[in-house]
Amino acid sequence: MITSSERRLLTSSYRLSCSPTCSEIIPFRRKLGVSTLYCDVFTGIGYYTSKKIAQLGGTVVMACRSEEKAKKAIEQMQEENRQEVRAKRRAEKEAAEKEKQRAEAAAAKEEQEKKREEERKKKEEEQKKAKEEEEAKAKEGEAAKEGEEKPAEGGEAAAEGGETGATEEAAKEGEGTPSAEDNTTAEEGQGDARKASEEVEEGVEEAKVEDGGAAGDAPAEQEPEPEEEIPPLKLQFMQLDLESFESVASFVKQFKDSGLHLHVLICNGGLIAPALVTTKDGLESSFQINYLSHFLLTLHLLPLLKASGGTPKIVNVTSRLHSSAEGVNLENIQSQKGYSQMKAYANSKLYQIMNMYTLSSKVKESGIDIFSVHPGVIDSGFQKGYSGLSKVAMLFHKGFGKNAQDGAATTLTAVLDEQYNGKGPLYLSNCKPAQPSNMSKNEEKQATLWRYSLELLRDHVDDTILAEIGETLESIQPKEPEPEPTPEESAPDEGDKPKSEGESEKKEEEAPAAASQEEEGKTEEGDKPAEETQQEEQKTEETEQKEEEGEEKKDEE
């Protein structure tokens, strides 16, 4: 038979599974010194949540039943963290090397440009100097020519004229043809330019060799640098069995004795029992493990949360399936009238949200923020707890839901995202605020669940603990059931009703017979001694006689 909750799960399976992932958009901030207690760590969500908080510098206590599995998970987290840190350091080193090479190449190019500019300026100066020297020589020649010009007689004048013509022709030829000295100077300048260019090219080649070798050359072997120590994650295990209130008390003592602060409490119980199972405390397993034991644990740890400073938080990992819950029906709150695994699970998640609202109102002045988070549909193997049609519905999600790492994002949002500080009580779905079911916000039902829960926990708390939430042992004393009315009390008072004449005559006829039967019953039951009965009969007869005498006197008058 398909239950209503299973039908809802099937019809809404696509809608539930297509929510966006959000591991990329969470504004993670490093939080050194934050102590987090994570209950029930072996779902994939819990694993990645604990690991991320520890990687951000927090101390995480993993509280669960199996020490062997917890220690194995811690070792795996440590190894994964070491690998991730090494990979990050390699990437950072490679990025730094590339940046260094880029900077060196840019510097070499800048140096080369600088030398070229210097060569250009030097060449311009040399050309300018050579031109100035040529102009000076030309002026000297002209001056000499003017000084030597005198009228000459006869052959001397002709000879002198011939020599002057030869000199002028030589001067003209000198203007167009550089002298040997000028050629030598130009050749030296060109040689210096070539030499400077070769030096720049050699410098670039040397830089390439230092950065990894020129083309065709093997890079120089370098000794590996010693690896920088990788500090271990602050992860530790403490045993806690949510199926037992006694185990909760033992854990609370161990945690308090450890001296750790407590800034964040994450409650992530997620049992889906295929059949009705009763715990050691006589309660339905889903009800106790998913909800009531977390509530008891929270009550005992409230003083630590208040004393740790900062912005203390309580995060309940719930589910959108709470909207398909039956509600707070005390006659069936623990599946007394029939068990459905989906309904039991949905109910327990509904109670987490309802408890969030009531508890938040009780600790409002303490600054504790309380969240309920729906992580989304997670492909984490959690469907192993389902049976029948429920399992088919959950297997439908396999391949469509988020992976566990993305699923941890909503819990981490509640823990790390400072924009939600002071906003509790708050329900988050897929990393953002959402509205839970109307049923979860029913204040009358919240009060009923609150009182019922405290009555169940009465033997496991004291007035000191209850004072944190404004309650006392007397205030949570179970109410005694009102006694059922007896038949005589429930019967209407006939004397108060008006009677007709027929009814009066009928009652008068029935009265003696009823009185006789009542007297017989009393005698048989031994309610009164025989002497008292005789005395009452005599008084009755005397009363009747007086009434008859009075009636006779009235008739005579």
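The values are calculated or read from the model by the stated rules, or taken from the named source; none is laboratory data. Here the structure is a predicted model, which is why all the values come from computation and not from measurement. All Cβ positions, glycine included, derive from the backbone under ideal geometry; neighbour counts span all protein chains shown. These area figures cover heavy atoms from the full protein model, side chains too; ligands, DNA and RNA do not enter into them. Shrake-Rupley method; radii C 1.70, N 1.55, O 1.52, S 1.80 Å.
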Any idea how far apart Gln435 and Glu148 come out in nm if each label point goes 7 Å out from Cα toward Cβ? 11.6
Evaluate the Kirkwood expression for the hydrodynamic radius of region 275-320, namely the inverse of the mean inverse distance over all pairs of different C-alpha atoms, and round to one decimal in Å. 12.5
Going residue by residue through region 263-275, the Karplus relation 6.51 cos²θ - 1.76 cosθ + 1.60 with θ = phi - 60° gives ³J(HN,Hα) values, rounded to whole Hz and with x marking Gly or Pro, of 9, 9, 10, 10, 9, 10, x, x, 6, 10, 7, x, 9
If you plug each phi of region 444-461 into the Karplus form 6.51 cos²θ - 1.76 cosθ + 1.60 with θ = phi - 60°, what whole-Hz ³J(HN,Hα) values come out, in order, with x for Gly and Pro? 5, 5, 4, 5, 5, 5, 4, 5, 4, 5, 5, 4, 5, 9, 4, 7, 10, 9
Dipole of region 40-151 (Lys/Arg Cβ +1, Asp/Glu Cβ -1, origin at the Cα centre): which of Tyr48, Ala138, Met62 lies farthest to the positive side? Met62
Keeping all protein chains in place, calculate the accessible area per residue for region 397-472 (probe 1.4 angstrom), answer in Å². 46
Which value, in Å² and to the nearest 10, is the accessible area of Met238 when all protein chains are kept and the probe is 1.4 Å? 10
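Please compare each pair in Lys51/Lys402; Lys69/Lys234; Lys306/Lys402 to a cut-off of 25 Å on the Cα-Cα distance and tell me which ones are over it.
Violating the 25 Å Cα-Cα cut-off are Lys306/Lys402.
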For Lys306 and Lys100, extending 7 Å from Cα along the Cα-Cβ vector and measuring point to point gives, in nm, a value of 5.7
Go through region 253-337 and name the GluC sites (Glu not before Pro) that are in a DSSP coil and have 12 or fewer other Cβ atoms within 10 Å of their Cβ. Glu331
Summing Lys, Arg as +1 and Asp, Glu as -1, what charge do residues with Cβ under 14 Å from the Cβ of Thr472 carry, Thr472 excluded? -3
In units of 2.2 N^0.38 Å, the Cα radius of gyration of region 268-347 is 1.25
Jot down the per residue volume, in cubic angstrom and as a whole number, of the convex hull over the alpha-carbon atoms of region 224-284. 158
My understanding is that a pair violates if its Cα-Cα distance is over 26 Å; which of Lys280/Lys337; Lys313/Lys362; Lys256/Lys432; Lys52/Lys256; Lys72/Lys343 do that in this structure? Lys256/Lys432; Lys72/Lys343
Mind grabbing the accessible area of Glu444 for me, 1.4 Å probe, Å², rounded to tens? 140
Solvent-accessible area per residue, Å², over region 244-307 with all protein chains present [probe radius 1.4 Å]: 34
Out of the chymotrypsin sites (Phe, Trp or Tyr not before Pro) in region 224-278, which ones are loop residues according to DSSP with at most 15 other C-beta atoms within 10 Å? none
